[in-house]
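J.: One structure, pasted below without further comment.
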Amino acid sequence: MNASDVMTKDVLTVAPDASILQAARIMLQNKVSGLPVVDDRGNGRRLR
């Protein structure tokens, strides 16, 4: 078995400039506990 066999294909993300309220709404509506923060190119952003 490979990671691709169990990974989420369509990952929900949030932009770095999204508000906490926007992120919270996305998480509540989709019943997820976290969202990756990605830039407009889809590159992950690190938290500081």
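The values are calculated or read from the model by the stated rules, or taken from the named source; none is laboratory data. These numbers come from a predicted model, not from an experiment. Neighbour counts are summed over all protein chains in view; Cβ atoms, including those assigned to glycine, are modelled from backbone coordinates with ideal geometry.
J.: How do the pairs read when you match residues in the stretch 7-29 that are at negative phi with residues anywhere that are modelled with pLDDT of 95 or more and part of a helix (DSSP H, G or I), using Cβ under 8 Å and keeping only pairs 6 or more apart or on different chains?
T.: Listed pairs, sorted by first residue: 12/26; 12/30; 14/22; 14/23; 14/26.
J.: Next question. From the residues in the stretch 14-36 that are assigned to a helix (DSSP H, G or I) and among the small types (Gly, Ala, Ser), which one is surrounded by the fewest Cβ atoms within 10 Å (Cβ to Cβ)?
T.: Out of the qualifying residues, it is 24.
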